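Computed from the coordinates by the stated procedures, all read-outs in this text should not be read as laboratory data. If you're wondering where the values come from, they're calculated on a predicted model, not measured in any experiment. Please note: Cβ atoms are built from the backbone with ideal geometry, for glycine as well, and neighbour counts cover all protein chains shown.
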Amino acid sequence: MKLGLIGKTLTHSWSQWWFEQLFRRDGIADAEYRLYPMPSLDGLRDWALREGLSGFNVTIPYKEAIIPLLDRLDDEAQTIGAVNCVAVQDGQLVGYNTDSQAFRETLQLLMQPCHTHALVLGTGGASRAVGHALSQLGIAATFVSRTPDGKPSTVGYTEAEGLMATHLLVVNATPVGMYPDKDATPWQRADLWTPRHLCYDLIYNPSPTRLLQEAADHGASTRDGLPMLFRQAELSWKRFSTQ
Ligand code: NAP
């Protein structure tokens, strides 16, 4: 079985290593998982069929752009509007979203009753999955964007700083701070973190990110993206291996 990951640049990714652990755990000797960096999605279908792939994961910046290229979407991926897992079934590309469930399950382990309102940094594919999970958990999400105009429930970074005192969950769904740009942070006001805050950064390389380190320095609870990575891969592997 041939599987893999597509994205623009993949030097940060641990997905291949983790899938190899899953193959070993399940005693699968004839499976491989490769990284396929792609400058664009041109010719995606031909490529997937020519490579003989059984499925592949999708990462930045293609989780939304891939949707028009697929034959079918499952209901949850349709609702979310982003796809991170594509199964190749009888020559058809079928899109799923395993990020959202993985985020929800890993967040639930950390949630406190005070986490009723969240700021979600970024408005890309991962942000959509996070927003869906938060709504399932009954947490009100405000999205934070560099260009908020016209986007629903979305504010700019300056306005978001004014919401920090009431929004005690902050989720980084931007790639800012990810390897190799590990000195960058999407959030400039480290002084606004308090011990009541929970900072969840979807980035897992590096860990901690500068964002998580600054939140922890001010007493906030923190979570990196590694448990979510493992869980979304496990859920994707279930999709790929049961078709
Ligand atoms: P994406 O589609 O490229 O979108 C990221 C969003 O971040 C953009 O829409 C943009 O929102 C914001 N952004 C981009 N560059 C920025 C910059 N220089 N400064 C401030 N904001 C910026 O990426 P994605 O697929 O959503 O992934 C986002 C991150 O989550 C990546 O680091 C990815 O590796 C991580 N992730 C991790 C897991 C996991 O399992 N741990 C799963 C999914 C994603 P605005 O234009 O609205 O500002």
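Quick one, can you get me the convex hull of the C-alpha atoms of segment 171-243 expressed as volume per residue in Å³?
Once divided by residue count, the hull of segment 171-243 is 85 Å³.
Would you look at the GNM of the chain, springs on alpha carbons closer than 10 Å, and say which of Leu107, Leu41, Leu169 moves the most?
Leu41
Eigenvalues of the Cα gyration tensor times 5, then square-rooted: what semi-axes does that give for segment 1-81, in whole angstrom, largest first?
Equivalent ellipsoid semi-axes, largest first: 22, 15, 14 Å.
Using the Kirkwood radius built from alpha carbon pairs, what does the Stokes-Einstein equation give as D for segment 3-144 at 4 °C and 1.567 mPa s, in µm² per second?
Stokes-Einstein gives a translational diffusion coefficient of 80 µm²/s.
Helix-derived [θ] at 222 nm for the chain: sum -39500 (n - 2.57) over DSSP H runs of at least 4, divide by residue count, nearest 500?
For the chain, the value works out to -9500 deg cm²/dmol.
Starting from the eigenvalues of the Cα gyration tensor, five times each then square-rooted, give me the equivalent ellipsoid semi-axes of the chain, largest first, whole Å.
Three semi-axes, in Å: 32, 19, 16.
Using the number of other C-beta atoms within 10 angstrom as an exposure proxy, rank Tyr204, Tyr179, Tyr33, Tyr96 with the fewest first.
Tyr179, Tyr204, Tyr33, Tyr96
With only alpha-carbon atoms in the gyration tensor, what are the semi-axes of the equivalent ellipsoid for segment 50-92, in Å, largest first?
17, 12, 8
State the Kirkwood hydrodynamic radius of segment 38-122 in Å, one decimal place, computed from all pairs of distinct Cα atoms.
This gives a value of 14.4 Å.
How much length is gained if the chain between Gln92 and Leu163 is pulled fully straight, taking 0.36 nm per residue apart and subtracting their Cα-Cα distance, in nm to one decimal?
Result: 21.1 nm gained on full extension.
Give me Phe103, Phe23 sorted ascending by neighbouring Cβ count inside 10 Å, so fewest comes first.
Phe23, Phe103
In whole angstrom, note down how far apart the Cα centers of segment 46-102 and segment 175-229 are.
Rounded to whole Å, the Cα centres lie 28 Å apart.
Assuming R0 = 25 Å, what is the FRET efficiency of Gln243 and Trp17, from their Cβ-Cβ distance, to the nearest 0.05?
Efficiency, from the Cβ-Cβ distance: 0.60.
Quick one: if the Förster radius is 35 Å, what FRET efficiency do Arg25 and Asp149 give, using the C-beta to C-beta distance and rounding to 0.05?
It comes out at approximately 0.15.
Restricted to Cα positions, what overall size does segment 115-221 have along the principal axes? Three whole-Å values, descending.
30, 28, 26
With viscosity set to 0.692 mPa s at 37 °C, what whole-number translational diffusion coefficient in µm²/s follows for segment 90-174 from Stokes-Einstein and a Kirkwood radius over Cα pairs?
243 µm²/s
In degrees between 0 and 90, to the nearest 10, how far off the longest principal axis of the chain does helix 15-25 point, with axes built from Cα atoms?
60 degrees
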